[in-house]
1. Among residues belonging to the stretch 287-311 that are more than 21 Å from residue 212 (Cα to Cα) and in contact with a helix residue (DSSP H, G or I) (Cβ under 9 Å, 6 or more places away or on another chain), point out the one that is surrounded by the most Cβ atoms within 10 Å (Cβ to Cβ).
2. Just wondering, is there one or more residues in the stretch 165-182 that are in a helix (DSSP H, G or I), over 17 Å from the mean Cα position of the chain (by Cα) and either over 17 Å from residue 92 (Cβ atoms) or not hydroxyl-bearing (Ser, Thr, Tyr) (or both)?
3. Quick one: how many residues across the stretch 268-287 are of a type outside the set (Gly, Ala, Ser) and in contact with a Phe, Trp or Tyr (Cβ under 7 Å, 6 or more places away or on another chain)?
4. Write out, first by first residue and then by second, each pair whose Cβ atoms fall under 7 Å of each other, whose residues are 6+ apart or on separate chains, and whose first residue, in the stretch 58-79, is on the phi > 0 side of the Ramachandran plot while the second is surrounded by fewer than 24 Cβ atoms within 10 Å (Cβ to Cβ) and polar (S, T, N, Q).
5. Which ones in the stretch 94-150 are charged (D, E, K, R), under 16 Å from residue 228 (Cα atoms) and outside any helix (DSSP H, G or I)?
6. I need every pair where a residue in the stretch 208-229 that is buried (at least 18 other Cβ atoms within 10 Å of the Cβ) has its Cβ under 6 Å from the Cβ of a residue that is of a type in the set (Asp, Glu), sequence separation at least 6 or different chains.
7. Looking at the stretch 55-103 only, could you name the residues that are farther than 20 Å from residue 251 by Cα and of a type in the set (Gly, Ala, Ser)?
8. Hey, among 164, 113, 147, which residue is among the β-branched types (Val, Ile, Thr), free of Cβ contacts under 8 Å to residues at least 12 places away in the same chain and over 19 Å from residue 199 (Cβ atoms)?
Amino acid sequence: MTLSHTGLRRAATVVLAGGLLVTASPLAAPAQAAQPIPTISGKGGFLLDQTTGKAVYGKANDLRRQMASTTKVTTAIVVLTTPGVDLNRKVTIKQAYRDYVVREGASTADLKTGDKVTVRQLLSALMLPSGCDAAYALADTFGTGTTTAARTKSFIGKMNAKATQLGLKNTKYDSFDGISSAGSNYTTPADLAKMARHAFSSAAFRDVVKATQYKTTATTSTGGTRTYTWYNTNKLLGSYSGAVGIKTGTGTTAGPCLVFAATRGTKTYVGVVLNGTDRYNDAAKLLDFGFGSSTAQTMELRTLPRGAQRD
């Protein structure tokens, strides 16, 4: 994807307190005048104030990039903003969801065929271990049509409608989970941060993405009980003081990506790193920039248990 003339202009702008624009790179509005603008490994990055929506930092703001499993932020909020959504609704897991994960070599919540799980459980299966099987189940359940293919296509249409609703002109989805066969599943740091801000305004969404672990039970096809335990692939949780979400993503083209959020006192920042070789440290640096702190210098990342999904 190429950077638009608008993107070139924005990527070379610093916004100082009071709205003064000066030529520089990247875009920034430091919380404290003395706080140095951070350097990040990410090819794109963005940070905004959750309450006001104002940009705090930006790098290659409007350059379109693939986003891998950070796509699932939109998957989740489309479900949660469905009129009359019932989080206790039971969904029966189809073999097709498991087959899809195997075929694509995708991250999985290891949902078992025939198990009956709630929408709430599927959201945790989607956002913690980055389950593409859970994404498939949600798209199949909340799309419309007479076939699975029609319903998933319909759901992706709803994802694109959500982007349009939010005025995201550089975002397109061709996938419910970030696995894009045609490469037409892209966003920009600024757009993805705005989508994340919208999603994070949902209390149910916040409740899901803040958990480092989620343990639950489901009813099997034979009426028995199965226990699922999912670990959050987002290592910023439990590592950076105040971290409360949001979603990892990794892909061959997209590289390592991270959508993140942290709250300290009454202030919450939401941010994005796209294609960053050191995405967690990048996120910590950007949050420090917002909070005026130096946590990144001493942060030690949470270790995921053996066998837990990585994303």
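1. We begin by selecting, within the stretch 287-311, every residue more than 21 Å from residue 212 (Cα to Cα); these are 288-294, 297.
Filter once more, keeping what is in contact with a helix residue (DSSP H, G or I) (Cβ under 9 Å, 6 or more places away or on another chain): 288, 293-294, 297.
Values: 288: 20, 293: 18, 294: 12, 297: 10.
In this case the residue turns out to be 288.
2. If we filter the stretch 165-182 for residues that are in a helix (DSSP H, G or I), which is where we start, we get 165.
Applying the additional criterion that residues be over 17 Å from the mean Cα position of the chain (by Cα) yields 165.
From what's left, either over 17 Å from residue 92 (Cβ atoms) or not hydroxyl-bearing (Ser, Thr, Tyr) (or both): 165.
Yes - at least one qualifying residue is present in the stretch 165-182.
3. Narrowing the stretch 268-287 to residues of a type outside the set (Gly, Ala, Ser): 268-270, 272-275, 277-282, 285-287.
Filter once more, keeping what is in contact with a Phe, Trp or Tyr (Cβ under 7 Å, 6 or more places away or on another chain): 270, 272, 286-287.
Of the residues in that region, 4 qualify.
4. Between residues of the stretch 58-79 that are on the phi > 0 side of the Ramachandran plot and residues that are surrounded by fewer than 24 Cβ atoms within 10 Å (Cβ to Cβ) and polar (S, T, N, Q), the close pairs are 68/250.
5. Kept after step one, since they are charged (D, E, K, R), are these residues of the stretch 94-150: 94, 98-99, 103-104, 110, 112, 115-116, 120, 133, 140.
Restricting the remaining residues to those that are under 16 Å from residue 228 (Cα atoms) gives 98, 110, 112, 115-116, 120, 133.
110, 112, 115, 116, listed by residue number.
6. 218/115
7. Selection gives 55, 58, 84, 96.
8. Working: 164 fails: over 19 Å from residue 199 (Cβ atoms); 113 fails: free of Cβ contacts under 8 Å to residues at least 12 places away in the same chain.
From the options 164, 113, 147, the qualifying one is 147.
The values are calculated or read from the model by the stated rules, or taken from the named source; none is laboratory data. Just so you know, these numbers come straight off a predicted model, no measurement behind them. Positions of Cβ are backbone-derived with ideal geometry, glycine not excepted, and every protein chain shown enters the neighbour counts.
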